[in-house]
Ligand code: G3P
Ligand code: MG
């Protein structure tokens, strides 16, 4: 593992040609043909909803060719454990924020790889948990799910099911009130960090212990390991912590799952049954590789050609572990969850630790020029 504190700047090489043989814009210079990047978002490109790092904008302008310093673009995509809005909507918003036009194959959110998996619930009632308002219902419906209900719908039906929070006026405007005493749920899909842990833990416990997925029921032997339930529980993100614009990491969907696990164990004696997606898990990195190659094809590049992918992330548990397991190079940055101010060592060893995304990209380009790839 290499630790890079000072910046080798692609600006210096490209603009002054100090190392002429490595100048990217000179006609004769080699071009890193196999190089591609995968960028995490929170803690790498952004810190919080509204704070885009200036380095991120510079790097994406460089790689997309928008700043004219490269003879042609270097491919990249974004892979985030974030989500909570439909992919198309998030892609447009990120293009605006980051100042670069992202195409449909350049964004993988926590739930994007889940789309195919949940297709089996297309005709079935499912509980969609997480995100602001009914944004995750819109994600579910964008994936073809026809009976996507959210916790606010359930509370509107029977307020005493969770009487610690009142529905807001805004929530009353979008709830779908059905008589849920006749609706069998097949799954609870956690598509983003939830805003009401108490309510959502309560409703998920109800479904997991229910008879045939019907709220207000409890199946015989719900607390016996040999009596399986009727409702599948799926998480889209395992992050216990993530980097927002607060300088100390905040709790994420993985912390919610840990809370649910302990309450489920305490109330039933059983281990929580669930399926997990998101970084660092294989399904997300396999899906991301597929998207990257679809992107290459869309820009006229050989989708099957050899690639040297560098994943830039801030969380060793999701970004570095996942990239290492997938056989990509991994660049751990100091602008997010990970810090080594006091010599801390990351839980998973990256190829290199850099101060930020720009230094990481510069290092990777230099590596590829040296390899003559
Ligand atoms: O909720 C998002 C958070 O868990 C991490 O997002 O972009 O750092 O993978 P990201
Ligand atoms: Mg991150």
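Any read-out appearing in this document is the output of simple, stated calculations on the displayed coordinates, not a laboratory observation. Because the structure is predicted, anything quoted here is derived from the model rather than measured. A quick note on method: Cβ atoms are made from the backbone with ideal geometry, for glycine too, and the neighbour counts reach across all protein chains shown.
The angle separating the long axis of helix 87-98 from the principal Cα axis of greatest extent in the chain is about 40 degrees.
Principal axis analysis of the Cα atoms in segment 114-276 yields extents of 48, 36, 36 Å, listed in decreasing size. Were the residues from residue 286 through residue 339 laid out at 0.36 nm apart, the gain over their Cα-Cα distance would be 16.3 nm.
Here the sum of -39500 (n - 2.57) over DSSP H runs of 4 or more residues, divided by the residues of the chain, equals -9000 deg cm²/dmol at 222 nm, to the nearest 500. Just for the chain, what percent of DSSP beta bridges are antiparallel, to the closest 5? So the antiparallel bridges amount to about 10 percent of the total.
What's the angle, to the nearest 10 degrees (0 to 90), between helix 357-371's Cα axis and the longest principal axis of the chain? Between the helix axis and the principal axis of the chain, the angle is about 50 degrees. Comparing 285, 143, 117 in a Gaussian network model of the chain (Cα springs below 10 Å), the most mobile by mean-square fluctuation is 117. Is the C-alpha gyration tensor of segment 311-373 telling us rounded, prolate or oblate? Criteria: a/c under 1.5 is rounded; beyond that, a/b larger than b/c is prolate, otherwise oblate. Because a/c hits 1.5 or more and a/b fails to exceed b/c, segment 311-373 counts as oblate.
Summary value for the chain: 22 percent relative contact order, contacts being C-alpha pairs under 8 angstrom separated by 6+ residues. Under the classification rounded if a/c is under 1.5, otherwise prolate if a/b is larger than b/c and oblate if not, where does segment 92-172 fall, given a ≥ b ≥ c as square roots of the Cα gyration tensor eigenvalues? Oblate. Contact order for segment 114-276, expressed relative to its length and based on alpha carbon pairs under 8 Å spaced 6+ residues apart, stands at 19 percent. Once C-alpha pairs closer than 8 Å and six or more residues apart are averaged by separation and normalised to the residue number of segment 55-207, the relative contact order reads 23 percent. Counting 0.36 nm for each residue step from residue 96 to residue 173 and taking away their Cα separation leaves a gain of 24.8 nm. Taking a ≥ b ≥ c as the square roots of the eigenvalues of the Cα gyration tensor of segment 247-361, is the shape rounded (a/c under 1.5), prolate (a/b larger than b/c) or oblate? Note, shape of segment 247-361 comes out oblate. Among beta bridges identified by DSSP and lying wholly in segment 176-279, the antiparallel ones come to about 25 percent. By how many degrees, between 0 and 90 and to the nearest 10, does the Cα long axis of helix 282-298 differ from the longest principal axis of the chain? Value to nearest ten degrees: 50. The label-point distance for residue 371 and residue 248, in a model that sets each label 7 Å from Cα toward Cβ, rounds to 4.0 nm.
Using only alpha carbons, segment 208-259 has a radius of gyration to Kirkwood radius ratio (Rg to Rh) of 1.21. Binning all Cα-Cα separations of the chain at 10 Å, short to long from zero, yields these whole-percent fractions: 5, 23, 30, 21, 13, 6, 2, 0.
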